[in-house]
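Notes follow the structure.
None of the figures in this text is laboratory data; all of them are computed from the coordinates on show. In this text, all values refer to a predicted model and were calculated from it rather than measured experimentally. So basically every Cβ, Gly included, is an ideal-geometry build from the backbone, and we count neighbours across all protein chains shown.
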Amino acid sequence: MVLDVRGLTMDFGGLRAVDRVDLTIDDGEIVALIGPNGAGKTTFFNCVTGMYRATAGTVLINRPGAEPRDVTKTAPHLITEAGLARTFQNIRLFPEMTVLENVMIGRDCRLRAGVIGAVFRDKRTRAEEEKVVLDSYAVLKTVGIERYANEHAKNLPYGAQRRLEIARALATEPFLLLLDEPAAGMNPQETRDLIELIRRLRTDFKLSIFLIEHDMSLVMTLSERIYVMDYGKLIATGNPADVRKNPAVIKAYLGEDVSA
């Protein structure tokens with residue numbers, strides 16, 4: 001098990017956005033979190049990745065081969081260093097930087113040169129900088145956007161910007177990749193290509209993948225297990241076939257009791 005969330009709760013004043021949610025992800029698994037708008041999905045992501053400090057509950061991570069670690073009250077950059085990387089529903093690139101530079105920023109948490117090395121630029125520091133460039137370009141090739149390496153990020157087509165966010169996350173060397181609405185705004189062909197990319201990344205990088213997505217064709221095709229939230233609570237979990245026919249899920253999405 002690479003992620004074990006227990007009783008996660010997030011309050012904003014008198015509003016409970018996430019209500020005692022339990023969730024697990026196994027090594028190598030692709031898991032989706034779905035639910036209507038406002039269900040609390042992105043808030044849950046933000047708690048897991050340290051963007052928000054949860055009101056209650058625990059977030060335990062377990063990089064394969066390492067000891068389990070409680071990251072419930074850990075800063076976001078330290079959670080990234082620990083092996084969790086994420087993308088965002090609203091693309092958060094550095095628009096005035098090149099595509100390659102955006103990925104190189106993702107490598108920062110794996111650099112060993114300290115302040116002294118950065119100032120005096122010794123042989124070891126220069127070699128590390130050269131490796132960062134090569135590694136970053138290799139990640140761009142992996143996601144299929146290496147031809148844009150020297151373009152400013154703001155000039156990329158929308159689908160390529162989505163891939164660049166994934167590339168930057170991969171550059172941190174995660175064991176768990178969290179994708180927040182990765183197919184948002186994509187056309188059907190781009191979505192099909194994204195499905196194949198995510199499957200390939202899982203294999204090539206030995207990743208576990210946790211995603212939020214509204215595109216049900218992607219969710220049902222890609223996910224091995226699905227969690228469903230509504231009004232901050234988990235209302236269902238299971239494989240795609242079970243979730244698809246679950247009355248509570250149908251009611252949450254359609255707003256009516258299917259047994260009526």
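List of remarks:
- Length gained when the stretch Asn155-Glu67 is fully extended (0.36 nm per residue, less Cα-Cα span): 27.4 nm
- Most tightly packed first, judged by the mean number of other beta-carbon atoms within 10 Å of their residues, the peptides 81-87, 57-63 read 81-87, 57-63.
- For the chain, averaging the sequence separation of C-alpha pairs within contact (under 8 Å, six or more residues apart) and dividing by the residue count gives a relative contact order of 26 percent.
- Extension gain for Asp108-Leu15 works out to 29.8 nm (0.36 nm per residue, less the C-alpha to C-alpha distance).
- Placing unit charges on the Cβ atoms of the charged side chains and taking the dipole of segment 167-260 about its Cα centre, the candidate lying farthest along the positive direction among Gly238, Leu197, Ala171 is Gly238.
- Environment charge at Lys41 (Cβ cut-off 14 Å; Lys +1, Arg +1, Asp -1, Glu -1): -4
- Applying 1/(1 + (r/R0)^6) with R0 = 45 Å to the Cβ-Cβ distance of Asp242 and His77 gives a FRET efficiency near 0.75.
- Extension gain for Asp22 to Glu196 (0.36 nm times residue separation, less C-alpha to C-alpha distance): 59.7 nm.
- Reach of Lys141 by Cα under 26 Å, taken over lysines that are not fewer than 8 positions away in the same chain: Lys131, Lys154, Lys206
- Neighbours of Arg225, meaning other residues whose beta-carbon lies under 11 angstrom from its beta-carbon, give a summed charge of -4 when Lys and Arg score +1 and Asp and Glu score -1.
- Applying 1/(1 + (r/R0)^6) with R0 = 35 Å to the Cβ-Cβ distance of Glu128 and Thr58 gives a FRET efficiency near 0.45.
- Angle in degrees between helix 158-170 and the longest Cα principal axis of the chain, rounded to the nearest 10: 70 degrees
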